[in-house]
Every structure is written in C-alpha cells, then in structure tokens.
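Here's the structure, in structure tokens; my notes come after.
FYI, it's all coordinate maths here, none of it is from the lab. Computed from a predicted model, the values in this text were never measured in an experiment. Ideal geometry is used to build each Cβ from the backbone, glycine not excepted, and the neighbour counts take in all protein chains shown.
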Amino acid sequence: MKKLFSLEKIKALSYPAFKTLMIIHFLLFFLVILVVSRAHFSIPGFSIKGLYQFPNIWQFFPWVASWFNLFLAIVIIILVGNEFSFRTFRQNVIDGLSRNDLIKGKLILIFTIAVYTLIMVLLAVFIFGLINTKNISFDIIFENSYLILIYFVQAIGYMTLGLLISIIFRNNALSIIMFILYFFPIEPIIRVMFKAEARNFFPIKIISNLTPTPEFLTMASEKSYTNASGTSSLDFSEIGLLPEKLPVGITVLLAAGYIGFFIALSTLLLNKRNL
Amino acid sequence: METVLKINNLSKNYGNIQAVRNVSFEVKKGEVYGILGPNGSGKTTTLAVVLGILNANGGSYQWFDEPFTKLARRRIGSLIETPNFYPYLTLWENLKIVAKIKDAPDEDINHALGVANLLKRKHTNFGHLSLGMKQRMSMASVLIGNPEVLVLDEPTNGLDPEGFAEVRNIIQSQANEGKTIIIASHILDEVEKVCSHVAILKSGELIANGRVGELLSSDETVFIQSEKMDELTEILNDSELTSKVYMVENDLAVVLNTNFKSADLSKFCFEKGFPLSKIVVKKQSLEDQFLELVK
C-alpha cells in the first residue's frame, strides 16, 4: 500500500496538469462560497447568512463542493488515460506490478483526493460556520455533520465512475466526452424509459442525490436558524415544494453498491484486456 | 541446467489474425537467446505474452519453473518495443518509479544512468530526449534492481552506430556476468555476435531453434551446376557429404558437412555421373541462410 501510494504521489504531483486542475478546483470552490456569501435576498424574513450557519452549512457547503466533484472525476480520467496513452501501465506490469496493483494504486489516488477534498470542505465549514453562527453550542455545530461523510462517498463515486470510463475507452478526450454525455443526456434519457419508481435507482441519480439541493427556503428562513433546536420550523416538503427522495441511508447503501460495481468492473476489464 | 523460461504451445490471436501459433521453446540459465524473424513474425507478441502484458489465447509459459508472479517479474528486466515512460517526469523520477516497483535502492538509479551514459541528463524530462537517448533510457531501466534475466525487444532500435555499439557492449557485459538474456531482433549481425542460441519465427510459427552455430553459421557454401539438377539434388540430399542442399536461382547451393571439401563434392558428383559445369565456393552470408530458412 505504502509503495503504491508513493508511486501515485510521484506520478500525480509531478504532473503539471494535475496540479493546475487541483488548484482550479480549490479556487472555484472558495470563489463560489465567497461570492454567494455576499449575495442578498430581497425577500423579507430570509437571509443568505442562514446557509453559512451551523447546522445548515453542513448541507450547503458539501452541495457546492459536489458541483466540482465532476471536475475531480475528470482529473482521474486524465491520470488513468495517460497511463494508457504513455503505455506506462504496460511498463509498470513489466517492471513487477500486478494488474490488480494498478487498480489498487488508482483507488489509493481516488481515496487520497477524496480525503483532500473532504478536509478542504471541512475547513471551510468550520471557518465560515464559526464566523457566522451565533449562540454556538456543541450540539448545533455537529448536528448534520454526517453529511460531510456522504459528500466523501459521492466524491469517491464520481471518481470511480471516471476510473471505469477511462479503462473502457483508454483515451482522454473520448473518456471525458463519454463521461459528460453519460451525465447528460444518456442516463436521463434512459431514466425516462423506466417507471417513475425505478428512476431514482440509476447510478448518476443515486450518486448525485447524495448531496441533494439544499432546502434553500427553509435554510435561509430567519425563523429556522433562530430556532433553538436548530431544525427548520418550516416544512416545504409538506406543501409539495420539494421532491420525494429515497431515505439517506438507502441512497448511501446504493451508492456504495455502485462504487463496488465500478471497481469490480474496472478490475475485470483491466485483467481481461491486453495492456 | 536450470530452465529460466519454458513456453508450451503458446498462441495469440488479434481478432482473426493468428500472431503466434503453437510456439514452444526453452531458455536455460546463462544463455543469450535470440528470437529472430522478419517483421510481423510474432517476436514482440511472444515476448509481450510471456511478460504478462498480453493475454494468451492458448498454451502456457513458466518463468523459473513456477507460475508467473509479480515476484518473478522483479527478477526480470524488460524492454518491449518503444520506451514507455512518463514524458513529464525526469529520467531520475522515471527510474525512481521503476526502482520502487522492484524494491531496488536509489543507488541503482545513478548506476543505471551511468551505464547508459545518461547521468548528465538525469534531471531532463523524458519527453525532451531524442529517440536514441530514449532507447538508452530503456536500457537503464532494464538494469534497475540487478535482474537475473534481461528481455530486450529490438534493443538497438533507433540508435546511431555509437549507441548501437554501446548497447551491444552493455548486453555483452551483462552476458559475461552470467545473466540470461533474451533478445528479439531482425538484425542478424546482432544475433550472431551476441547470442548463443536462437529461435526463428515466421508468420507466428517457430520454424527452427537451437545453437546459433548450428542454425546460422558463416559456413562455406558450394554453388554448382550440372545437367539433371533435380536428380543431383536428390542424390546429394541422401549423401553424407552434405548438411543442406537448396536452389539459389540456377545454382544448387550445397553446405558441406565438416571434414568434407569442395574437391570431395566434385569427385562424388563425377562418380555418380553428374560432371559439374560450374563449381564456386562462397562464404554464405547469414542473411542468405536466414532468408533460406524463412522462405
């Protein structure tokens, strides 16, 4: 494991495109949360500040960061695609790695990037949350903090899908195009062909639902964050403003199942096909 | 002698094309084994299969009398086709990756770069090297971890005469250290000068293998002409004088067994009723013999 980690470290950190993309990812995330923090609602009784307060921030920040998870998946596609185009996967096997080691190495890379992005969001949550929350208590800070772990699962989900697509197509440009096309329109079109109950079980739907769009109206309502329990005093789902979703636990389990499937299929393809 | 590589009825297809067909041979420890054949004969495919980067469609192979594991791979230094390294990494960083995979110390990196005459370029990105330098870099990576076996596919590809001689010296010095070396090449001179054994492939099939001296030696060949060449060919094929008889344009090329001279051949033909109208003794080139074998 340590050896595979250090190999991936040399390969990724010395790659100028990787460094550039990760810096852009970092800047975009902070740019969005800074720009949104400056925005003002013109609706009386609502304030953007609610999104930056505990516990709402645990939902808002991972949701913003999730936009850029696609970016991380593209980073993985480029790094894996390079291994095919430079024929270095082939050379690594000649030098003494097994094909399973190649997959393990990339999974370590995916896990490391997911941990990095988790820490990035976590730091942002604490910095902005502590600045903007009044009447801080331990309970309020950590209420809904589990959402960051769900964000972590989502990051791994997108990146393992990127890994699978790059192993299937073995070409950076084609893999990125197919990855984006799968998001839209391929999977949405396929979903439409199925009954409404089945539509929530498709991979992209499941993985993107891990960080659902925050209930902005509830979160931005000044009533909600002044509530002593920290929970919303408004329930918009009751009046039909929010769509029905699968329970979080089931969504996470299904996402974990899809991640397992992406990894298993990637391993199978890499073992069966010529390098 | 210990068997380093044993190949049994190995086959590999690319779609409908059979690139390697039931190839079998053995390489023993300490041999310098050449795999010779024209382009497309299956040399690289055979090596790629036994190194685990292509999956075989049939047959089997064993390294060191065991199934091929990643530990066995680390006992082998290989160069297959083009040099495959990360173009954005320096030579040192690329070799660091190889050294890590092989659990070799960092000292091996400088040593290998020194042997390949690339030490001054260690901080240059691989992508900035010329083709010849890239090939020398491949040789350097092969030497990392002091492997017992070297597998080299066209190791002098793209090299200038100086680089050619350098690589040949590296191979020779490694052979002198008792290492087993397997070289795929279509350069006969390279094989003759370096190899002790050779396997000859044609259209994916093994057509001959054995000691270089037995298969490809610079023997004297006698070119003769007489009446009734067909009958003479049959008689000479059955004779103890000859090791090989074949037609070259209008002449009959005869390779004599040891201890027989062209005068013995002339006398034999005369006694059998085939007086010779032409007798020319030539040292046949390796190329002629190779072309004869793969014809």
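Some observations on this one:
- Calculated mean residue ellipticity at 222 nm for the protein assembly as shown: -15500 deg cm²/dmol, from DSSP H runs with n ≥ 4 weighted as -39500 (n - 2.57), summed, divided by the residue count and rounded to 500.
- Amide H within-cut-off set for A:PHE46, under 5 Å, with H built and near neighbours excluded: A:GLU222
- Using R0 = 35 Å, the C-beta based FRET efficiency linking B:ASN176 and A:SER6 works out to 0.50.
- Projecting label points 7 angstrom from Cα along Cα→Cβ for B:HIS123 and A:PHE261 puts them 5.1 nm apart.
- Counting Lys and Arg as +1 and Asp and Glu as -1 over every other residue whose Cβ lies under 14 Å from the Cβ of B:ASN157, the net charge comes to -2.
- Computed over chain B: relative contact order in percent, which uses C-alpha pairs under 8 Å that are six or more apart: 20
- Cβ-Cβ FRET estimate between B:GLU205 and B:GLU231, R0 fixed at 45 Å, reported to 0.05: 0.90
- Subset of B:LYS12/B:LYS43; A:LYS9/A:LYS104; A:LYS11/A:LYS106; A:LYS9/B:LYS134 violating a 18 Å alpha-carbon distance limit: A:LYS9/B:LYS134
- Most positive-pole-ward Cα, B:PHE290, B:MET229, B:SER262, against dipole of region B:220-294 from beta carbon charges: B:SER262
- Per-peptide packing, taken as the mean over residues of other Cβ atoms within 10 Å, places B:187-193, B:273-279, A:207-213 in the sequence A:207-213, B:187-193, B:273-279 from highest down.
- Springs between Cα atoms under 10 Å define the GNM used for chain B, and in it the highest mean-square fluctuation of B:GLU81, B:GLU177, B:GLU205 occurs at B:GLU177.
- Inter-probe distance in nm under a simple model that places probes 7 Å from Cα toward Cβ, at B:ASN257 and A:ALA196: 9.4
- Global geometry of region B:79-184, whether rounded, prolate or oblate, following the gyration tensor of its Cα atoms and the 1.5 cut on a/c: oblate
- Spacing of the modelled spin labels on A:THR20 and B:ALA72, each 7 Å from Cα toward Cβ, amounts to 4.4 nm.
- Within 10 Å of the Cβ of each residue in A:94-107, the mean number of Cβ atoms contributed by other protein chains is 5.
- Net charge of neighbours whose Cβ lies under 12 Å from the Cβ of B:SER41, counting Lys and Arg as +1 and Asp and Glu as -1: +2
- Residues A:ASP139 and B:ASP189, FRET efficiency given R0 of 60 Å [Cβ-Cβ distance, rounded to 0.05]: 0.15
- The residues neighbouring B:THR90, those whose beta-carbon lies less than 11 Å from its own, together hold a net charge of +2 under the Lys/Arg +1, Asp/Glu -1 convention.
- Scalar couplings 3J(HN,Hα) for region A:261-275, obtained by applying the Karplus form with A = 6.51, B = -1.76, C = 1.60 to θ = phi - 60°, are 5, 4, 5, 5, 5, 4, 5, 4, 5, 5, 7, 7, 8, 5, 8 Hz; x denotes Gly and Pro.
- Residue list for region A:35-78, given a label point 7 angstrom along the Cα-to-Cβ vector of A:ILE131 and an amide N cut-off under 16 Å: A:35-40, A:48-54, A:57-58, A:61
- Computed extension gain for B:ASN16 through B:TYR246, at 0.36 nm per residue and net of the alpha carbon distance, reaches 79.4 nm.
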